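As structure tokens, the structure follows; a few thoughts come after it.
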Amino acid sequence: MQSTFNKFCFRPLLSGILGLTFMLPACYFLLTILIRIFFGAKAPYYDISPSFLQSPFSIFAFHKAQLILGCLLLAVLFNVAAIVKLRLYHGPKGLELGVAYWRYWLNTAIAIQSALILAALIAYTLIQHIRY
């Protein structure tokens, strides 16, 4: 019974918690954007803003934008990996690829939300580059 619990409950829960943790930098950034828009406070926004023009950086330097976007990408990947399982098996024509998926609502919600936030932040970054 314990192995069944670990196999079916622990891994999706762990990837869900990891996905939520990886979403924190992006959620904090979105909060600072909302504070700037609704209340006019610029200081928190400029402290974390991933605009590449706000501070000089080297192309290989670790930048805030890389942290925010990279964490969101990891959140999507970890949760999609918990949902979708790819397996190779011997079929009538040799090796075949089988795709199975588990219906974990937490992982699905985190993957979708992370992907949507990632798309919004990529659009934001492109607009910032075009704007400046």
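Report whether or not residue 53 is at pLDDT below 90 and within 16 Å of the chain's Cα centre (by Cα). Criteria not met by residue 53. Residue under question is residue 62, and the condition is that it be more than 26 Å from residue 112 (Cβ to Cβ), at pLDDT below 85 and open to solvent by 90 Å² or more (accessible area, probe 1.4 Å); does it hold? When the stated conditions are applied, residue 62 passes them. Just one residue in the set 117, 127 is modelled with pLDDT of 80 or more and either assigned to a loop (DSSP other than H, G, I, E, B) or open to solvent by less than 30 Å² (accessible area, probe 1.4 Å) (or both); that residue is 117.
One residue alone among 19, 98, 94, 70 is at positive phi and modelled with pLDDT of 80 or more, and that residue is 94.
Here region 22-50 is the region considered, the condition is being surrounded by 18 or more Cβ atoms within 10 Å (Cβ to Cβ) and over 16 Å from the mean Cα position of the chain (by Cα), and the residue that is modelled with the lowest pLDDT is 49.
The values are calculated or read from the model by the stated rules, or taken from the named source; none is laboratory data. Note that the coordinates shown come from a computational prediction; the quantities given were computed from them, not determined experimentally. Because the Cβ atoms are built from the backbone with ideal geometry, glycine has one as well, and the counts that use them run over all protein chains shown. In case anyone asks, the SASA skips ligands and DNA or RNA and just uses the protein heavy atoms, side chains included. Shrake-Rupley method; radii C 1.70, N 1.55, O 1.52, S 1.80 Å.
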